Each structure stands twice: as C-alpha cells, then as structure tokens.
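Colleague: Pasting in a structure now, in structure tokens, and then I'll have a few things to ask.
The values are calculated or read from the model by the stated rules, or taken from the named source; none is laboratory data. Note that this is a predicted model, so its numbers are computed, not measured. As a convention, Cβ positions derive from the backbone with ideal geometry for all residues, glycine included, and neighbour counts pool all protein chains shown. Protein only, heavy atoms only, side chains kept; ligands, DNA and RNA dropped before computing areas. Shrake-Rupley method; radii C 1.70, N 1.55, O 1.52, S 1.80 Å.
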Amino acid sequence: MLLITCPWCGPRNETEYHYGGQAHVPHPENPGELTDEQWAAYVFYRDNPKGPFAERWMHSIGCRRWFNVLRDTATHEVLTSYRLDEPRPGGNR
Amino acid sequence: MQSHPLQALVSELHEPVHPTVVMSNHVHVYVSQAHKGELVMGAGVDSYNGYGQRGSFHVIERQMAAAIELFPVFARAHVLRTWGGIVDVTPDASPIIGRTPVENLYVNCGWGTGGFKATPAAGWTFAHTIATGEPHPLNAPFALERFTTGALIDEHGAAAVAH
Amino acid sequence: MRAAAVTGARGVTLTERPFLTMVNVRVDPASETAGRIEKTLGARLPRECGHTTASGPHTAVWLGPDEWLVISRADGTAVTAELREALGTDPGSVVDVSANRTTLELRGPSARQVLEKGCPLDLHPRAFGPGRAVSTTVGPVGVLLRQIDDAPAYHLLPRSSFADHLGRWLIDAMSEFRSAEVS
C-alpha cells in the first residue's frame, strides 16, 4: 500500500487515488502539423524508468485534484508530491 | 511499454472441488485448483508502474473478495502465500510480434498478463516472420507499426483477466 | 432501513437523516465573489482540508481548494437561490445537489471503533474531532465523513445509490458491540 501525500489533503492511502501515468508530457503546440510518427510518439510512447519517475495521480476519493508524484519504481518509495503548476523537484533527471 | 506489478496467490490445500479454470471479467478474478489442492488465483495488474516485484495488498484483497463472490465455499480458505512479478504492458494490452526498424531485429514482447495459451501460435508466426522476413497473416496485425497507423488491437479482454 | 441499534455499555446506533439540503459551491477563494458568498452564508468558507464552518442552519465543508459543500437545515431552493445571487455572473457555480447524497448518523460509545474497521483515516481525538469533515472511504464506499459531537457521533454522506450497501456494512460492523468486551 503506497502512502501518497495529496498537496491539498495530506497523506492518504493509495486506495483513495487514481493513477494517471507519466507526468510532464506536453501537448504538441501544433498538432495539425505533426507526422503520424510524431503524433504516435505523443500519444503512445512513454518513459518506463527503473528508479525515480514523475507521474500523475488524482485524489479521486478526496478533493478530486490532479497532481504529480515523484516515486521510485524500483523501491515503491514515494519521494515527494507537488502541484501541477510546480516544476519537477530536482530538475528533469 | 509500461512495466506493472502483477500479483497472484495460492491457498492451503483443500479437497478437490473446482475442476476447471474460471475467469470473470465482471468481478475481476481467475481461479483454478491445482492437482494437490491449492486454489490458485489472480486478477489485474496494479495500476502504477513498478519494478519492485510486489504490489499493493488491496489488490489481493479485492481479488479474494471477487473469488468469494463467485464461490462462497472458498470463504474459509486461508491464503498460503502471495507473490508479484513484472509484466510489460503495451498501450493496447496486446503483444508486439514482428519486425523493427532495425534490420534483422525482431521482437516478440509486451505480452502483459497474457501469453501461456498463445505460445504455440506466437512461436509459429514469429519463426515464420524471421524465416521469410515477412509477417505471417496471423501476426501481421500485431506489428509495431500499429501504434503509428492507429490500427490498434481491441482485445483487452484476451488476457486471463483484462487489464 | 430507517434505524438500527446495538444497546449496552458499548452501544451504537445508526439512523438515517434523509433530505438535508446540500449545495455544491465552486468559486476562487481569493476572489471578491467568494467574499459575497461568505457574507450571504454568514460564515467564512474553510480554506483547509478537514475544516468546516457553521452559521445558523448552514455548515460549509471543505471539498477541494475551490470547492465546498453547504449542508443546511434550511430549504434547498431558497439556499441555492441566495447563494446563486451572491455568485451573480462571476466564474463559479452553485448547484443544489441535495439528491446526490443521503446522511447516515452513527452515534454511541463504539461509533469510532465501528468506523475504524473500514476507514483508513486516523479518527483518534488527537487527529479528528467535532467540526471536522473529510472525504474518504468506509468499507468499499466513498463518503463525506463528518464528526458531529463527542458522543461520539458521525455523519456519513454516501452517494444515495451506495447508501443501502453502506447501511448493511455498518449494521454488520456494529453487531459485535452487543456483548461485553472479551479480555
């Protein structure tokens, strides 16, 4: 059971949250001009690191807000959580 | 491709009561009884990415609740052990079998929670692909290019339990 | 089900308190609009998770950083109309959601122990008490959980269609407190 800290509600059990996959995937600025390969990269291709991973979670049972979590995928340790308008702590890898 | 924890469990030994494998995508569990008498059950993946070879307890709890919903007689069975492994899941939860952009590099991967029953067909068509350089008609739709063309495979339910 | 009770020294009762007025309010807490809504309500909108404020028949419960639930004994149509007038045409929303949830009251010396069988939060008085309210789960059901007094008594607000299941879950959880504690 992960113990995840919601930026608004504090630490809650994993069962209160919904997982949203990799964070910081920007929507293309000019989607109409992308090739199929570029669009596929945006839609389907995600990082899958073993170690710290910035990912989106939503506090679906609580305040229903999306936020980001930095979590180690090897140890399952939740390193930190932060709001969507805050940068990834420690920079981008 | 995303790596997720997948968990399963066995109970202690019981008299034979359950002669076949039953899977339910409705309550989300599969359960069979091994020859010695253990009940073997599993369910879907943990939602998050993980390489820890273990998942969260509430997933086990949920699959036991589902099994008891299906078979109330299992309510008195005790869990003997649980374990978790890593499964690699593609965006459409179907495997990738075919060529890659690199010459002479072929892939047969991304099986997620599925695979055991499909092994003969996967081996046959993968061998065909390597021998002829062209995919067999059966594995042509499973090419890596489907994530560019958008012709995904709508078979989330094809695995033991959909994920 | 209207009510259920377990009597004795470790007693606990479960009662439905149906048809309370509930109005969902969404507004930027830093805006002047929020100030107008607070004036209409007669209470400040709480700014922190778990907090509530009260004024006359109204209680405002924090749901999110820009979202509140006003629970009231006053008429739903009137409360909604007043709050909507305070909102005016500014960004935000005021919606009568009285039919969304019902209210189950769990009361008695064992009420906290009953909840602790299926609620992941720390409900000990050091962490939770009268005037606190949080969204969480009890058993498998999502609820807004609010402590009313020190009896202790709690209000559980499940979505209406989950209320029957939650009621049965609570009655099952209550049954052991019928007898004396086995030491």
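Colleague: Per-residue Cβ counts within 10 Å, from other chains only, averaged over A:68-80: what number is that?
Modeller: So the per-residue partner count for this stretch is 3.
Colleague: From the backbone phi of segment B:126-139, what are the Karplus-calculated ³J(HN,Hα) couplings (6.51 cos²θ - 1.76 cosθ + 1.60, θ = phi - 60°) in whole Hz, Gly and Pro given as x?
Modeller: Taking θ as phi minus 60°, the curve returns 5, 4, 4, 5, 5, 5, 9, x, 10, x, 5, x, 6, 9 Hz for segment B:126-139.
Colleague: Now, a different point. Which of these, A:Glu33, A:Glu55, A:Glu77, has the largest mean-square fluctuation under a Gaussian network model of chain A (Cα springs below 10 Å)?
Modeller: In the Gaussian network model the winner is A:Glu33.
Colleague: Does segment B:1-146 come out rounded, prolate or oblate by the C-alpha gyration tensor, with a ≥ b ≥ c the root eigenvalues, rounded set by a/c under 1.5 and, if not, prolate when a/b is larger than b/c and oblate if not? Walk me through the numbers on the way to the answer.
Modeller: Numbers: a/c = 2.92, a/b = 2.02, b/c = 1.44.
Prolate, because a/c is 1.5 or more and a/b exceeds b/c.
Colleague: Considering every residue in A:18-24, what mean count of other chain Cβ atoms within 10 Å of its Cβ is obtained?
Modeller: That average works out to 2.
Colleague: Right, here's the next one. So which residues in segment C:102-150 end up with at least 40 square angstrom less accessible surface once the other protein chains are there, compared with the chain by itself, probe 1.4 angstrom?
Modeller: Residues meeting the cut-off: C:Pro120, C:Ser135.
Colleague: On to the next question. Note down the net charge around B:His58, summing +1 for each Lys or Arg and -1 for each Asp or Glu among other residues with Cβ under 14 Å from its Cβ.
Modeller: Here the count lands on -1.
Colleague: Also: With the crude spin-label approximation of a point 7 Å out along Cα→Cβ, what separation in nm comes out for B:Thr100 versus B:Phe116?
Modeller: So the label points at B:Thr100 and B:Phe116 sit 2.8 nm apart.
Colleague: OK, next. Give the long-range amide H neighbours of A:Gly21: residues separated by 5 or more places, or on another chain, with amide H under 5 Å away, using H modelled in the peptide plane at 1.01 Å from N.
Modeller: A:Arg56
Colleague: So, one more: Over segment C:21-96, what is the mean sequence separation of C-alpha contacts under 8 Å (at least six apart), divided by residue count, expressed as relative contact order in percent?
Modeller: Result for segment C:21-96 is 41 percent.
Colleague: Can you tell me how segment A:47-93 classifies by the Cα gyration tensor, rounded, prolate or oblate, using a/c under 1.5 as the rounded cut?
Modeller: Taking the square roots of the gyration eigenvalues as a ≥ b ≥ c, segment A:47-93 is oblate.
Colleague: OK, next. Please report the relative contact order for chain B, taking Cα pairs under 8 Å with a sequence separation of at least 6, and give it as a percent rounded to a whole number. Mind dumping the intermediate values first?
Modeller: Details: 318 pairs, mean separation 40.9, N = 163.
Worked out over chain B, it gives 25 percent.
Colleague: Residue by residue through B:43-56, how many Cβ atoms from other chains fall within 10 Å of the Cβ on average?
Modeller: Numbers: counts 0, 0, 0, 4, 7, 14, 12, 9, 10, 7, 1, 1, 2, 6.
Across B:43-56, the average partner-chain Cβ count within 10 Å equals 5.
Colleague: Can you compute log10 of I(q)/I(0) for segment C:21-96 with the Debye formula, treating each Cα as one identical point scatterer, at q = 0.17 Å⁻¹?
Modeller: -0.51
Colleague: A follow-up question, please. When the Kirkwood radius is taken over all Cα pairs of segment C:68-179, what Stokes-Einstein diffusion coefficient follows at 10 °C and 1.306 mPa s, in µm²/s?
Modeller: Diffusion coefficient, whole number: 103 µm²/s.
Colleague: Separate question: Roughly how far apart, in whole Å, are the Cα centres of segment B:51-102 and segment C:47-111?
Modeller: For segment B:51-102 versus segment C:47-111, the Cα centre distance is 41 Å.
Colleague: Rank A:Tyr45, A:Tyr17, A:Tyr82 by mean-square fluctuation in a GNM of chain A with C-alpha springs under 10 angstrom and give only the top-ranked residue.
Modeller: Highest fluctuation of the listed residues: A:Tyr45.
Colleague: If a/c stays under 1.5 just call it rounded; otherwise compare a/b with b/c (prolate if a/b is bigger, oblate if not). Do that for the protein assembly as shown, with a ≥ b ≥ c from the square roots of the Cα gyration tensor eigenvalues.
Modeller: Taking the square roots of the gyration eigenvalues as a ≥ b ≥ c, the protein assembly as shown is oblate.
Colleague: Expressed as a whole number of Å, what is the distance separating the alpha-carbon centroids of segment A:24-93 and segment C:1-30?
Modeller: Result: 38 Å between the Cα centres.
Colleague: Rounded to the nearest 100 Å², what is the sum over both chains of accessible area buried where C meets A, with a probe of 1.4 Å?
Modeller: Adding both sides of the contact gives about 1000 Å².
Colleague: So with the 1.4 Å probe, I'd like the accessible area per residue for segment C:21-96, rounded to whole Å².
Modeller: Details: 3460 Å² over 76 residues.
With all protein chains present, segment C:21-96 gives 46 Å² per residue.
Colleague: Could you tell me what percent of the accessible area of chain A is made up of carbon and sulfur, with a 1.4 Å probe and every protein chain present? Could the numbers behind the result be given before it?
Modeller: Values: 2510 of 5050 Å².
The value for chain A is 50 percent carbon and sulfur by accessible area.
Colleague: Also, quick follow-up: Among B:Glu103, B:Glu61, B:Glu134, determine the one that fluctuates most according to a GNM of chain B built with springs between C-alpha atoms less than 10 Å apart.
Modeller: Among B:Glu103, B:Glu61, B:Glu134, the largest mean-square fluctuation in the Gaussian network model of chain B belongs to B:Glu103.
Colleague: Give the calculated FRET efficiency between C:Ala74 and A:Val25 to the nearest 0.05, with a Förster radius of 35 Å applied to their Cβ-Cβ distance. Can you show the working numbers first?
Modeller: Values: r = 47 Å, r/R0 = 1.33.
Efficiency at R0 = 35 Å is approximately 0.15.
Colleague: Mind pulling the angle between the C-alpha long axis of helix B:57-70 and the longest principal axis of chain B? Nearest 10 degrees, somewhere in 0 to 90.
Modeller: 70 degrees
Colleague: Find the sum over both chains of the accessible area lost when A and B are paired, probe 1.4 Å, and report it in Å² to the nearest 100. Let's see the in-between values first.
Modeller: Details: alone 6420 and 9880 Å², together 14540 Å².
Counting protein atoms only, the buried area is about 1800 Å².
Colleague: Which of B:Asn25, B:Ala66, B:Ile97 sits farthest toward the positive end of the charge dipole of segment B:1-102, with +1 on the Cβ of Lys and Arg and -1 on the Cβ of Asp and Glu?
Modeller: Towards the positive end, the residue furthest out is B:Ile97.
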